[in-house]
Amino acid sequence: GCSPAARAMGLVASAPLFSSAMTWPAARTVTSVVTRPMHTAWPLWQPVLAPMHVTRRPHLRRMCMMTVVESRRVNLYSLDDAGLDTLVADIGQPKYRAKQIKAWLYGETPAASIGEMTNLPKALRAQLEEHATLGSMEVAAEQVSRDGTRKRLWRCTDGSLIESVLMPYDTRRRTACISSQVGCAMGCTFCATGQMGFRRDLTEGEIFEQVARFAAELRLKDERLSNVVFMGMGEPFRNYDAVMGAVRRIMRDLGIGARHITISTVGLVPEIRRLADEIGTGDLGEIKLAISLHESSDAARSALMPVNRKYDLETLLDACRYYVDTTGRRISFEWALIAGRNDDMGSARALAAKLRGIKCHVNLIPLNPTSGFGGQPATLPDADVFVRTLEQSGIPATVRVRRGIDIDAGCGQLADAASKDTAALRLAAKA
């Protein structure tokens, strides 16, 4: 749907994007200019903002928001059902091929490469290998903890680095901890991701791919990915639409139920209320919400978490009450126990007073150390006293098991190595 003026300037490719007759130019060669809202998800190509030398005519820029479409290979994990249907149609294949491809992506015996999709004709596999990829992110590194936790460093197509974690449990439960952004703008002082700053949002496809590839690898070992938590790099609610799009695909394509998906936020009040409304009226089911709280006074919380200066505790807890009242769901509060700061009985009583009347559960975890924060984790005996104090006030609480600490895979520890080094230098300069 480009304007006649743009087409007349020769800036629009007339051939369909996927055509066996097309000669594909090298990556990053401009093939067309199209008009559309920037949020519209066209599945078969990746848009980037048009450079000024393409949109050099002011009247054309006024007519439409312009996007340059690049002839990159499409990532099969980025395509929903409609996208797969369009892909097979554009390469001249019958519609049932889309179901066959989907089975190789998400079925019982997932393919590790397009070449392994053996019930597809050899010619079709060759077409797919030319025009598509099975994943867009490269595994740059992987570490395995003594407790079996795996931390994976992904390199995105633009060179950005993100981390995600797969945690095994004795019960055969397998939980993936997923990132939603490259870095984070929230600036929580005890969090390695917050210390590295914000780089960019991840796309819906990049978020979903982290989960899909962990799930595929587990199925090849006759295991199942049972839980997904959005507690990796980034603030999920700052990338709300992409995260919720990925959540819907995790439920639909991977078969992971809403009750096994948890989204953690530092407390972005408008999005908490939005999620409550969408759970009540939409297709998100009963996904779980966790709030990173960590302090029970505005002064102390603002020192740890700058977001509290915008949404103070009263405003945040009002939104939490709205969430509970609207959805009927229990809400979780996360509390990192920092020795000598928020791990004593007085802190527990103050927290219990704040949460009284809210249907909730408190997850306690001794602080995971980071290079940019000088605090130390509370001891387990102090953590047990904290739990008992909360429970005496009618607030259920659990000390969460710390996993992957020896490889910096715990909550609040994910960041790229360069950012961790920079944070350590900043902390040393303050000393």
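Only one entry in Gly115, Gly159, Gly135 is under 16 Å from the mean Cα position of the chain (by Cα), closer than 19 Å to Arg73 by Cβ and open to solvent by 10 Å² or more (accessible area, probe 1.4 Å), namely Gly135.
Candidates are the residues of the stretch 334-384 that are more than 21 Å from Lys288 (Cα to Cα) and acidic (Asp, Glu); the one that is least open to solvent (accessible area, probe 1.4 Å) is Asp343. Scan the stretch 85-104 residue by residue and report those that are open to solvent by less than 30 Å² (accessible area, probe 1.4 Å) and modelled with pLDDT under 95. Within the stretch 85-104, Leu87, Val88, Ile91 meet the criteria.
For Ile162, state whether it is within 16 Å of Ala212 (Cβ to Cβ), free of Cβ contacts under 8 Å to residues at least 60 places away in the same chain, touching a helix residue (DSSP H, G or I) at 6+ places or on another chain (Cβ under 9 Å) and not hydroxyl-bearing (Ser, Thr, Tyr). Working first, answer last.
Details: within 16 Å of Ala212 (Cβ to Cβ): yes; free of Cβ contacts under 8 Å to residues at least 60 places away in the same chain: no; touching a helix residue (DSSP H, G or I) at 6+ places or on another chain (Cβ under 9 Å): yes; not hydroxyl-bearing (Ser, Thr, Tyr): yes.
Criteria not met by Ile162.
Of the residues contained in the stretch 202-211, one or more are found to be in contact (Cβ under 8 Å) with a residue 24 or more places away in the chain, under 30 Å from Gly92 (Cα atoms) and part of a loop (DSSP other than H, G, I, E, B).
Only residues that are open to solvent by less than 30 Å² (accessible area, probe 1.4 Å) and within 23 Å of Glu206 (Cβ to Cβ) were counted in the stretch 118-132, giving 3.
When you look at Val228, is it outside any loop (DSSP other than H, G, I, E, B), over 23 Å from Gly372 (Cβ atoms) and either touching a residue at least 40 places away in the same chain (Cβ under 8 Å) or not acidic (Asp, Glu) (or both), yes or no? Steps first, please.
Details: outside any loop (DSSP other than H, G, I, E, B): yes; over 23 Å from Gly372 (Cβ atoms): yes; either touching a residue at least 40 places away in the same chain (Cβ under 8 Å) or not acidic (Asp, Glu) (or both): yes.
Yes: the conditions hold for Val228.
Scanning the stretch 232-286 for residues that are β-branched (Val, Ile, Thr), open to solvent by 20 Å² or more (accessible area, probe 1.4 Å) and either touching a Pro at 6+ places or on another chain (Cβ under 7 Å) or at pLDDT 95 or above (or both) yields a single hit, Thr262. As a summary of the residue check, Thr109 satisfies the conditions (1) in a helix (DSSP H, G or I); (2) surrounded by fewer than 20 Cβ atoms within 10 Å (Cβ to Cβ); (3) in contact (Cβ under 8 Å) with a residue 24 or more places away in the chain except for the one numbered (1).
Cβ separations smaller than 9 Å between residues 6+ apart or across chains give the following pairs from the stretch 115-130 residues that are touching a residue at least 12 places away in the same chain (Cβ under 8 Å) and among the small types (Gly, Ala, Ser) to residues that are buried (at least 16 other Cβ atoms within 10 Å of the Cβ) and assigned to a helix (DSSP H, G or I): Gly115/Arg125. Residue check: is Arg172 within 30 Å of Gln376 (Cβ to Cβ) and either open to solvent by 10 Å² or more (accessible area, probe 1.4 Å) or part of a strand (DSSP E or B) (or both)? For Arg172, the condition - within 30 Å of Gln376 (Cβ to Cβ) and either open to solvent by 10 Å² or more (accessible area, probe 1.4 Å) or part of a strand (DSSP E or B) (or both) - is not met.
Might you check whether a residue that is touching a helix residue (DSSP H, G or I) at 6+ places or on another chain (Cβ under 9 Å), under 18 Å from Arg402 (Cα atoms) and either surrounded by fewer than 21 Cβ atoms within 10 Å (Cβ to Cβ) or basic (Lys, Arg) (or both) occurs anywhere in the stretch 219-226? No, because not a single residue in the stretch 219-226 is touching a helix residue (DSSP H, G or I) at 6+ places or on another chain (Cβ under 9 Å), under 18 Å from Arg402 (Cα atoms) and either surrounded by fewer than 21 Cβ atoms within 10 Å (Cβ to Cβ) or basic (Lys, Arg) (or both). Taken as a whole, the structure leaves Gly197 outside the set of residues that are over 26 Å from Arg301 (Cβ atoms), surrounded by fewer than 22 Cβ atoms within 10 Å (Cβ to Cβ) and either among the small types (Gly, Ala, Ser) or in contact with a strand residue (DSSP E or B) (Cβ under 7 Å, 6 or more places away or on another chain) (or both).
The values are calculated or read from the model by the stated rules, or taken from the named source; none is laboratory data. The structure presented is a predicted model; accordingly, all values stated were derived computationally and were not measured. Note that we place each Cβ from the backbone using ideal geometry, even for glycine, and neighbour counts take in every protein chain shown. Only protein heavy atoms, including side chains, enter the accessible area calculation; ligands, DNA and RNA are left aside. Shrake-Rupley method; radii C 1.70, N 1.55, O 1.52, S 1.80 Å.
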